Each structure stands twice: as structure tokens, then as C-alpha cells.
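Visitor: Quick one: the structure is below, questions incoming.
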Amino acid sequence: MHEVGMVAELVDVAVARAAGRPVAVVRVRHATTFPEDVLRQAFDMLAAGGPLAAAQLLAEPFEVRLTCPCGFDGALAHDDVVGPGTAVCPSCSALRTIARQAELELLEVRLAS
Ligand SMILES: [Zn+2]
């Protein structure tokens, strides 16, 4: 699962920003193709025992959309995206190119005061 690797990178960056201080909130933006339960599970696992252990994870989802010549125009689900910049149209099953964008992005590391 590449999701866990992405969360691991995000946790590393957040830990570096915290520089040893306890963190209250970690705010992230994630594609709806990146399941929130996977995000939370991986975060809990990777944050355990570190400065993020007590941090609250705030996740802000955004839709990854596809407009296909077959007429489909809508949000994609996790299984529709088959690789970076590539998705399978849920309607006609054709391979389509989608805009490459970060599926997971760190927005804020708020320190405990
Ligand atoms: Zn289509």
C-alpha cells in the first residue's frame, strides 16, 4: 500500500517541524481517493511514541475529478485511480489521464501551548 509510505513521509516532515516539541494538531489535505480510515490508521501507527502521539489529526478531503468523453463527469473513488496521473473511467472503463496532484499534503503543524 503506497498510502502508508505517503503518511510516513508526512509524519517525518511534521516531526521535523515540531523539533522535539509536543504537537497538538496536525492538519492535512487528502484526496478522496486516499481513504480517510487508511490515513488515520497509518498516522496513529506511525505517530505512536513520538512528538505527534497526542496530536489530533484534522483531515480535509478534496475530490479528484474526471471528465471523460463518454460523458462521465464526476469524482473518482480509490479503486478508480490506478497510478500517478492515470485513472479508469467508472463509466466506460477506459484508461484516462488525470491531473497529477498530491494525494496527501501537510497543511499545518500546531504545537501544544
Ligand atoms: Zn468514460
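Coordinate-derived values only; no laboratory data. Remember, predicted model here, so these are calculated numbers, not experimental data. Backbone-built Cβ (ideal geometry, glycine too); neighbour counts: all protein chains shown.
Visitor: Residues in the range 83-113 that are within 16 Å of the ligand (Cβ to nearest atom) and either assigned to a loop (DSSP other than H, G, I, E, B) or surrounded by fewer than 11 Cβ atoms within 10 Å (Cβ to Cβ) (or both): how many?
Guide: The number of residues fulfilling the criteria is 9.
Visitor: Select from the range 49-82 the residues that are assigned to a loop (DSSP other than H, G, I, E, B) and farther than 17 Å from residue 95 by Cβ and list them in ascending order.
Guide: 49, 50, 51, 52, 53, 54, 55, 63, listed by residue number.
Visitor: I would also like to ask the following. Here is a list of conditions, (1) surrounded by fewer than 17 Cβ atoms within 10 Å (Cβ to Cβ); (2) touching a residue at least 24 places away in the same chain (Cβ under 8 Å); (3) of a type in the set (D, E, K, R), and residue 79 meets all of them except one; can you say which number that is?
Guide: (2)
Visitor: Let me ask something additional. Is it the case that residue 38 is closer than 18 Å to residue 61 by Cα, among the β-branched types (Val, Ile, Thr) and surrounded by 19 or more Cβ atoms within 10 Å (Cβ to Cβ)?
Guide: no
Visitor: Residue 27 fails exactly one of the following numbered conditions: (1) among the charged types (D, E, K, R); (2) away from the ligand (no atom under 16 Å from the Cβ); (3) not in a strand (DSSP E or B). What is the number of that condition?
Guide: Of (1) among the charged types (D, E, K, R); (2) away from the ligand (no atom under 16 Å from the Cβ); (3) not in a strand (DSSP E or B), only one is false for residue 27: (3).
Visitor: Residue pairs, Cβ under 9 Å, 6 or more apart or interchain, first in the range 59-71 and within 16 Å of residue 97 (Cα to Cα), second more than 15 Å from the ligand (Cβ to nearest atom) and acidic (Asp, Glu). List them.
Guide: From the range 59-71, the pairs are 64/103.
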